[in-house]
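Each remark here refers to the structure printed beneath this line.
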Amino acid sequence: MNTPIDLRSDTVTLPTRAMREAMYHAELGDDVYGEDPTVNALEAQAAAMLGHEAALFVVSGTMGNLVAILTHCGRGDEAIMGDECHTFHYEVGGAAALGGVPIRTVPNGHDGLPALADIEAAIRPDDIHDPPTRLLCLENTHNRCGGTAIGPEPFRAACDLAHRHGVAVHLDGARIFNAAIARGCPVRELVAPADTVMFCLSKGLGAPVGSLLAGPADFITRARKNRKMVGGAMRQVGVLAAAGLVALDQMVDRLAEDHEHAQLLAHGLAAIPGVHIDPSRVHTNIVIFEVTDPLAFLQRLQAEGVLGVYFGGQMVRLVTHYGITRADIEATLVTVRQALRAA
Ligand code: TLP
């Protein structure tokens, strides 16, 4: 069987040749002593790109969000987040289980940003009965809302609202470079209103492992200790950071190609009877659509060498990335048409 067209996620991307070479040649040291020059270079570059004072290399997006929440909040402090956000759905309840941080959800709007009125209503009064609201977590691009890219103005409005109430803002920017490209906005400007930002190297940017948490220097110092506490301090981890540096240097601008492929896919799907999709809601590299029987549909696709994931209800998610060509998208559309005809 030919190699499948793997549209399950941009996490399936394999490191490029340049990454493997950089990993081989990386200068290394013990990062717990702060002595790995390649990690130090990656953290400095990430901080500079995001316009923050400092950054911390972490194992995964999940760890980056957890360490951020543990650093912003003490036990019993409450964090507000959208009811469709990744941290609430897919991070095993870590903030509550490990940090004693209760989560208060607000409805996610279509574009991934909760309504300002809902955020404001969820911020607790200073009352003996209430847990203090310490943190607002936002996500851009928004995965479960279909990879939507939230623009700089609405994002700033949500952050300003939180700050007016003394609430800090953490941004899950796992795919923040996709958002910046889709919005035509420099990434530093897009993230500027947030206090801290996590982004991933291991998704569309193609690195094998790793995410960065960026923020003020004193915050990152405390986050470094929390990373140690959750077992995330690594040693000669420059072997991984080396791939991350290549990702930041070589893989950011090409994300636009993934967005073009997602548009091609979305418009092609919209023309297939039995597929429900609004292509205008596809902003980046994530394509979510509905079919009548998604599980049987995905099985038929898999049998023909196309992989996607079930996304709840009648929804299927396909994600473009640098392992996917225009020809793969065209082949996928033919396979989808056949799979629905066979239904
Ligand atoms: N998302 C994965 C799955 O967990 C669903 C995917 O395939 O999309 N924030 C956002 C917005 C994410 O989409 C993800 C991963 C994470 C955080 C967590 O990153 P990792 O997988 O590195 O822990």
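Where a number appears in this text, it was derived from the coordinates with a stated rule and is not lab data. This structure is a prediction, so every number in the text was calculated from the model and none was measured. As a convention, Cβ positions derive from the backbone with ideal geometry for all residues, glycine included, and neighbour counts pool all protein chains shown.
When a footprinting reagent is the concern and you count Cβ atoms within 10 Å, what order do HIS259, HIS72, HIS163, HIS142 take, fewest first? Mind dumping the intermediate values first?
On the way: HIS259 21, HIS72 26, HIS163 14, HIS142 29.
In increasing order of surrounding Cβ atoms, one gets HIS163, HIS259, HIS72, HIS142.
In Å and from the alpha-carbon atoms only, list the Rg and Dmax of the stretch 30-134.
16.5, 49
What ³J(HN,Hα) values, in whole Hz, does the Karplus curve 6.51 cos²θ - 1.76 cosθ + 1.60 give for the stretch 92-100 when θ = phi - 60°, with x put for Gly and Pro?
Using θ = phi - 60°, the values come out as 6, x, x, 4, 6, 5, 9, x, x Hz.
Test of understanding: express the Cα radius of gyration of the stretch 1-42 as a ratio to 2.2 N^0.38 Å, with N the residue count. Before the final figure, lay out the partial values.
Values: Rg = 15.6 Å, N = 42, 2.2 N^0.38 = 9.1 Å.
Against the compact-globule rule of thumb, the ratio is 1.72.
Test of understanding: ordering HIS165, HIS25, HIS170 by Cβ neighbours within 10 Å, fewest first, what list do you get?
Details: HIS165 13, HIS25 9, HIS170 27.
Result, fewest neighbours first: HIS25, HIS165, HIS170.
Express in whole angstrom the spacing between the alpha-carbon centres of the stretch 156-188 and the stretch 198-245.
20
Taking the alpha-carbon set of the chain, what are its Rg and Dmax in Å?
In Å, with Rg to one decimal and Dmax whole: 20.3, 64.
From the backbone phi of the stretch 138-153, what are the Karplus-calculated ³J(HN,Hα) couplings (6.51 cos²θ - 1.76 cosθ + 1.60, θ = phi - 60°) in whole Hz, Gly and Pro given as x?
Karplus values, whole Hz, x for Gly and Pro: 10, 9, 8, 5, 9, 4, 6, 8, x, x, 5, 9, 7, x, x, 5.
Which of the listed residues, ASN40, CYS137, LEU28, is farthest toward the dipole's positive end in the stretch 17-250, when Lys, Arg count +1 and Asp, Glu count -1 at the beta-carbon?
Positive-most Cα among the choices belongs to LEU28.
Where a ≥ b ≥ c are the square roots of the eigenvalues of the C-alpha gyration tensor, would you call the stretch 241-340 rounded, which needs a/c under 1.5, or, failing that, prolate if a/b is larger than b/c, or oblate?
It comes out prolate by the Cα gyration axes.
At 10 °C and 1.306 mPa s, what whole-number value in µm²/s does Stokes-Einstein give for the translational diffusion of the stretch 131-222, with Rh from the Kirkwood sum over Cα pairs? Spell out each step's value before the answer.
On the way: Rh = 13.6 Å.
Once the numbers are plugged in, D ends up at 117 µm²/s.
Quick one: check the C-alpha center-to-center distance for the stretch 19-41 versus the stretch 125-150, whole angstrom.
Going from one Cα centre to the other spans 35 Å.
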